[in-house]
1. Per residue of region 149-165, in order, report the coupling 6.51 cos²θ - 1.76 cosθ + 1.60 (Karplus, θ = phi - 60°) as ³J(HN,Hα) in whole Hz, putting x for Gly and Pro.
2. Run the numbers for H2 and K67: contour at 0.36 nm per residue of separation, minus the present Cα-Cα distance, in nm.
3. Taking H as built 1.01 Å from N, whose amide H comes closer than 5 Å to the amide H of V401, not counting residues under 5 places away?
4. Determine ³J(HN,Hα), in whole Hz, for all residues of region 455-468 in sequence, where each value follows from phi through the Karplus function 6.51 cos²θ - 1.76 cosθ + 1.60 and θ = phi - 60°; x replaces Gly and Pro.
5. Once you place label points 7 Å from the Cα toward the Cβ at K24 and E391, how far apart are they in nm?
6. Explain nothing, just the number: dipole magnitude of region 304-485 about its Cα centre with +1 on each Lys and Arg Cβ and -1 on each Asp and Glu Cβ, in debye rounded to the nearest 20.
7. D561 to V421: FRET efficiency via 1/(1 + (r/R0)^6), r the Cβ-Cβ distance, R0 30 Å, to the nearest 0.05?
8. Quick one: helix 22-35 against the long Cα principal axis of the chain, what's the angle to the nearest 10°, folded into 0 to 90?
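Only the coordinates and a few stated rules stand behind these numbers; no lab work does. All values reported here derive from a predicted model rather than from experimental measurement. Don't worry about glycine lacking a Cβ; one is built from the backbone with ideal geometry, like all the others, and counts go over all protein chains shown.
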Amino acid sequence: MHYRNFDTAVYIPALVASLMTEEKLGSDYAFIEKYIGLDKVYLETFRDGLEVNKEQILMIKRFLEDKGVKVSGGITTVTPDFDGAVPGKRRLFNTFCYTDPAMKDKAKQISGYAAGLFDEVILDDFYFTNCTCESCIKQKGDRDWVSFRRDLMRDVSENLIVGPAKAVNPGVRMIVKYPNWRESYHFTGYLPDEQQKIFDATYIGTETRSPEYTDQHLPEYLSYSLVRYIENAWPGRNGGGWFDTYQCWSADRYLEQAYLTAFAKARELMFFQWDDLIGNYFAGGAGIQLKKIDGMLEGTGEPAGIPSYIPYASSGENHLEMRLGMLGIPVDPTPVFPSDGKLILLTESSVSDPEIINRLESFVKAGGDAVITTGFMNKLGDSINKIGLTEAQVTGRKLGVTRYQITDDRAGYIDDVKPVVFPEIVHGNNASWSLINGGDGDYHTPILLQSNYGKGRIFILSIPDNPSDMYVIPDPVTDRLKRIISPDCFASGKGFSMFTYGDGSMILYRYVKDDIRPAHVRLYTADNARALVDAVTGEVFEAVPCFFPEKWDRKRYMMADVVLVPGVFRKVKWE
Ligand SMILES: [Zn+2]
């Protein structure tokens, strides 16, 4: 074991395994062990029609086990057409057609084969179906694709994957790895709610690569928040987070994936894949940085954050919670409605819970604060007005905002800023209260609107049409939001994330992105702290008291400044 707070694992795909020689294995192992430290290997037996023969698998397995490395199996369920299967189906990525008898047999066979060689087997994240062949259309019948694939993949999981594996090796631990596209799982038959009853454990993709230029535009914060989501979905059963080198055009971009996966306390960090690491300078950086992170995580307890309710099989305002994470707001997404919480974030995705309106009403009436987005409002329609939670409405019109007003601040005007298009909200004056206005000319619309209900409050947060514009909203505006969404402790500014833990410590990380200069970040706590202390260097930043000009719920904060250098994480704590 090389680190105390996580293990390091490397994946060997079938092609790499099939070409491996003992000599290459020896030199590769020495490289990986030296630079990253190797606790575990997932050794793939099947991918894209290639099955690695038993002797080859056992040669690699023996070599690694002799070095003290744990070895588990891996399967990637993709295959080209083969004899017996109906040819010519348009299967994206060569994923299986699970209504084709020959492919069903193949799935059974590869699962049994891996289970015969290993006591633990992971499925790489091609274990989904997008097949729309004639046979799949016929079996779908009157159901929609989501419902059909849900039924299909439940059956496949039980009877073609886990069942056959356990028949060969009753003690085998079967792991289903989920991809980094949570918002689309249900479209392709990924069912974390159902599959947790079938599989022993899960795993999660934390690859974010280069958000601007890759097909998925994933905020960097995903590498943290998706681990938290899946941990909240399968408590105690998430094996780890998995990232790769692809489309990471700098070591920083690559390593940020590893940092955030570790900050989320993934039990294993999976480096995909073996050959990509060999001779790669990214590997050297990983070892150096992970040792520091391992030290920082010591004694921090569980990650904590603002619960963002994202039900299973939901989509809408995708990745929005991650964008808030990119603004330095610590977010903890969960598929379980946190009914006992103090504050909750609800986005358009939350509306796929058919009970959401009643849950929201009870939560707020009992004294909770709910931050709900304009996407949430839109999707709900007027039921939120009918139930009486607010009279405010999202009109469907848009406004190009060039000016902001922080309404509680007598001098809270910010003019002539880069235009951002927001949805228009109309509300009853003095029935609810706008905390932030955004406008142009002599017109404006609320950006953050407060409605009171029972013992609690509802805050409607306006989300720009292009969610990336959240990064260009001026700092005093996002700070006002932070005093609502994270009222006890927050950090001013943007370009960094803040990760908070059960012991009160905070890890701050400024991304190597756009603006690659060091920056001041001002931290605020509502506790009566004396100073902010860097837990690694011991530096002490004296705290001074301050007030914000809030009309209601005005409180005294203690504040202190730290400098964040891009690419350098630091751990701080109030004392
Ligand atoms: Zn099909």
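1. Karplus values, whole Hz, x for Gly and Pro: 5, 5, 5, 4, 6, 5, 5, 4, 4, 6, 9, 10, 10, 6, x, x, 5.
2. Details: separation 65, 0.36 × 65 = 23.40 nm, distance 1.33 nm.
Fully extending the segment from H2 to K67 adds 22.1 nm.
3. Hits under the 5 Å cutoff: V420, V421, F422.
4. Whole-Hz 3J(HN,Hα) from phi for region 455-468: 8, x, 9, 10, 10, 8, 9, 7, 10, x, 4, 9, x, 5.
5. 7.3
6. 300
7. Details: r = 34 Å, r/R0 = 1.12.
Between D561 and V421 the formula returns 0.35.
8. 20
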